[in-house]
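In what follows, a single structure is set out as structure tokens and then discussed.
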2 protein chains.
Amino acid sequence: MKFERAAIIGLGLIGASFARALKKHSLAEVVVGCGRGIDNLNFALERGFVDSVTQDPIKAVADADLVVLATPVETLEEMAASISGHLKADSMVIDVGSIKGELVQRVQSLMPGGVEFVGCHPIAGSERSGSSASVEDLFKGAQCIITPTDSNTDEAVGRVRELWEALGSKVSLMDSMEHDVLLGLVSHFPHLAAYAIINAIEDRSEGAIALSGAGLKDTTRIAMSPSALWRDITLMNRDNIVPVLDAFIAELEGIRTSLLKDDASGLEAILKKAEARRKSIEG
Amino acid sequence: MKFERAAIIGLGLIGASFARALKKHSLAEVVVGCGRGIDNLNFALERGFVDSVTQDPIKAVADADLVVLATPVETLEEMAASISGHLKADSMVIDVGSIKGELVQRVQSLMPGGVEFVGCHPIAGSERSGSSASVEDLFKGAQCIITPTDSNTDEAVGRVRELWEALGSKVSLMDSMEHDVLLGLVSHFPHLAAYAIINAIEDRSEGAIALSGAGLKDTTRIAMSPSALWRDITLMNRDNIVPVLDAFIAELEGIRTSLLKDDASGLEAILKKAEARRKSIEG
């Protein structure tokens, strides 16, 4: 598998890491980077993350046989619409966004005949942003979920799987609606929890978090993630997030009650279950 | 500063790390380790973390000029009472526990005349436990809070400060009641939040956490901490923890309302404040 020209639309942490990974694994002859911020583009160009840069998505996708949509997810549909008429026949279009649901079908419907859009979500990243935060091996060992639609051919899905596997990712296929349920649980909800932990502590005693040990720092690291990004993701997936917020509040109320009743065995049962569950995954 | 014989009562993660740090910095001629689990004691002895071991606290403290109480905090008072009649005159006794409050005064009152107990809380550790989880440099760069009481002389407090500073810790003095308020916020509460995050996710969809990326793993790492330990700490400090749990639930309800009302600016205000606050501390 090798692409002649890959266009990465959006050179943030994920987009720039993808560009670098393509080049490292010699998966594209030429990698074009596209974004709005000129400083960010120049940084990526100077570091050799991409071979050329442009601020114009239409120029970027011209003659590209691989197009990676890596702009914020709430702009995905608009971006797909604006490049659609300029895509090369038989090009492959993927995204890397955190929301799939009905969006993947809507984006596919914007594609010209012969062009397949395959929704992808690499579960990788950090609280940092911009091409300066990119990591060449970001996707190595990471999970990547592909959410095919009825419009996708097995061949296209197979090629996309092969692409991620070439970058070292562990690929799984999932229904796009199921994806949003699960990612709401394991990614979107924990971000909201981390932001709320910080606010609860600081509202009680301003400056207290300066006393943080490694535990609280780990627990709230994702609260350094760009709040505008997570505002948009959580609003887009709110139907899946509100129920887990409710479950979380109920769980906290259970803990609160155990504390107030001095119920050591009740509290232990709650904490012990969580300890065993967390220990069932690595890292 | 150098002690002739240091007795470490409780060779868990903290106690064993303290023993190793004393030896590394040549702060004690002989370090005696005391604990209940014979395998754990032998491990520490074989690795050279301590010079000798015993299961009997009374034997351990005999002739010791430094006694470090590093057993679980709910056993502190009982342990202090049992060794009290066997302490060397002019010996110094410290603890390393997560709860201070009125406990430090009660422990001091158990000491024989001439022996000072100085409450200490190194903010260091990990989710692991036992002497095999110990780290020689655990206290290097870590914060350590000393909570002197009216019974402590400036000289004793000064010597304890010097000891922690010799291990590389950044020492601050704090009222013991204030300590429990702050640690309830930055340590005890986040542990409960992390346990509850895991349970909320897994109750909604068993096995979902297997999809965790680095973010959720960081956020819930402390949920691997021994649940029995955190059951006891949070029950002992429940008066300080319940109010922050309430503030946290209110914060989550604010987020929930913003999501349901599709209130992007309200949600952004909440998340942005947390992002800025978290970025104000390092790491």
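The values are calculated or read from the model by the stated rules, or taken from the named source; none is laboratory data. This one's a predicted model, so the numbers in the text were calculated from it and none came from an experiment. Every residue, glycine as well, gets a Cβ built from its backbone with ideal geometry; the counts of neighbours run over all protein chains shown.
Restricting B:HIS179, B:HIS191 to those that are closer than 28 Å to B:ALA133 by Cα, within 21 Å of the chain's Cα centre (by Cα) and more than 8 Å from chain A (Cβ to nearest Cβ) reduces the list to B:HIS179. So which residues in the range A:46-84 are over 29 Å from A:MET177 (Cβ atoms) and not hydrophobic (A, V, I, L, M, F, W, C)? Within the range A:46-84, A:GLU46, A:ARG47, A:GLY48, A:ASP51, A:SER52, A:THR54, A:GLN55, A:ASP56, A:LYS59, A:ASP63, A:ASP65 meet the criteria. Filtering the range B:212-247 to residues that are more than 21 Å from A:THR257 (Cα to Cα) and of a type in the set (A, V, I, L, M, F, W, C) leaves B:ALA214, B:LEU216, B:ILE222, B:MET224.
Among the residues of the range A:170-185, which ones are assigned to a helix (DSSP H, G or I) and either in contact (Cβ under 8 Å) with a residue 60 or more places away in the chain or not hydrophobic (A, V, I, L, M, F, W, C) (or both)? If the condition is that a residue be assigned to a helix (DSSP H, G or I) and either in contact (Cβ under 8 Å) with a residue 60 or more places away in the chain or not hydrophobic (A, V, I, L, M, F, W, C) (or both), then A:SER176, A:MET177, A:GLU178, A:HIS179, A:ASP180, A:LEU183, A:GLY184 are the ones that fit. Screening the candidates A:PHE43, A:PHE18 for the property of being surrounded by fewer than 20 Cβ atoms within 10 Å (Cβ to Cβ) and part of a helix (DSSP H, G or I) yields one hit, A:PHE43. Going through the range A:34-79 one residue at a time, which ones are touching a Phe, Trp or Tyr at 6+ places or on another chain (Cβ under 7 Å) and of a type in the set (Gly, Ala, Ser)? Answer for the range A:34-79, where residues must be touching a Phe, Trp or Tyr at 6+ places or on another chain (Cβ under 7 Å) and of a type in the set (Gly, Ala, Ser): just A:ALA70. In the set A:ILE222, A:ILE233, only one residue is β-branched (Val, Ile, Thr), more than 7 Å from every other protein chain (Cβ to nearest Cβ) and within 26 Å of A:SER176 (Cα to Cα); that residue is A:ILE233.
Residues in the range B:245-264: is at least one more than 7 Å from chain A (Cβ to nearest Cβ), surrounded by 21 or more Cβ atoms within 10 Å (Cβ to Cβ) and farther than 23 Å from B:ASP180 by Cα? Among the residues of the range B:245-264, at least one is more than 7 Å from chain A (Cβ to nearest Cβ), surrounded by 21 or more Cβ atoms within 10 Å (Cβ to Cβ) and farther than 23 Å from B:ASP180 by Cα, which makes the answer yes.
One residue alone among A:ALA142, A:ALA196 is within 25 Å of A:PRO72 (Cβ to Cβ) and without any contact (Cβ under 8 Å) to a residue 24 or more places away in the chain, and that residue is A:ALA196.
A:ILE209 meets all of the listed conditions (1) surrounded by fewer than 20 Cβ atoms within 10 Å (Cβ to Cβ); (2) within 7 Å of chain B (Cβ to nearest Cβ) but one, namely (1).
Among the charged types (D, E, K, R), touching a residue at least 24 places away in the same chain (Cβ under 8 Å) and farther than 25 Å from A:ARG47 by Cα - does that describe any residue in the range A:117-135? Looking for residues that are among the charged types (D, E, K, R), touching a residue at least 24 places away in the same chain (Cβ under 8 Å) and farther than 25 Å from A:ARG47 by Cα, one finds none in the range A:117-135, hence no. For the range A:65-93, residues that are under 23 Å from A:MET1 (Cα atoms), surrounded by fewer than 24 Cβ atoms within 10 Å (Cβ to Cβ) and of a type in the set (A, V, I, L, M) total 2. Among the conditions (1) free of Cβ contacts under 8 Å to residues at least 24 places away in the same chain; (2) within 25 Å of A:GLU178 (Cα to Cα), A:LEU271 misses just one, which is (2). Taking the range B:104-145 as the range and being away from chain A (no Cβ under 13 Å) and crowded, with 22+ Cβ neighbours inside 10 Å as the test, the residues that pass are B:VAL104, B:VAL107, B:PHE117, B:VAL118, B:GLY119, B:CYS120, B:SER131, B:SER134.
If you check B:LEU235, B:LEU271, B:LEU229 for being part of a helix (DSSP H, G or I) and surrounded by 23 or more Cβ atoms within 10 Å (Cβ to Cβ), only one passes: B:LEU271.
Of the residues that make up the range B:117-140, is at least one over 30 Å from B:ALA194 (Cα atoms), modelled with pLDDT of 95 or more and assigned by TED's automatic domain parsing to the domain that holds B:ARG47? For the range B:117-140, residues over 30 Å from B:ALA194 (Cα atoms), modelled with pLDDT of 95 or more and assigned by TED's automatic domain parsing to the domain that holds B:ARG47: present.
Scanning the range A:82-103 for residues that are of a type in the set (A, V, I, L, M) and in contact (Cβ under 8 Å) with a residue 40 or more places away in the chain yields A:ILE83, A:MET92, A:ILE94, A:VAL96, A:ILE99, A:LEU103.
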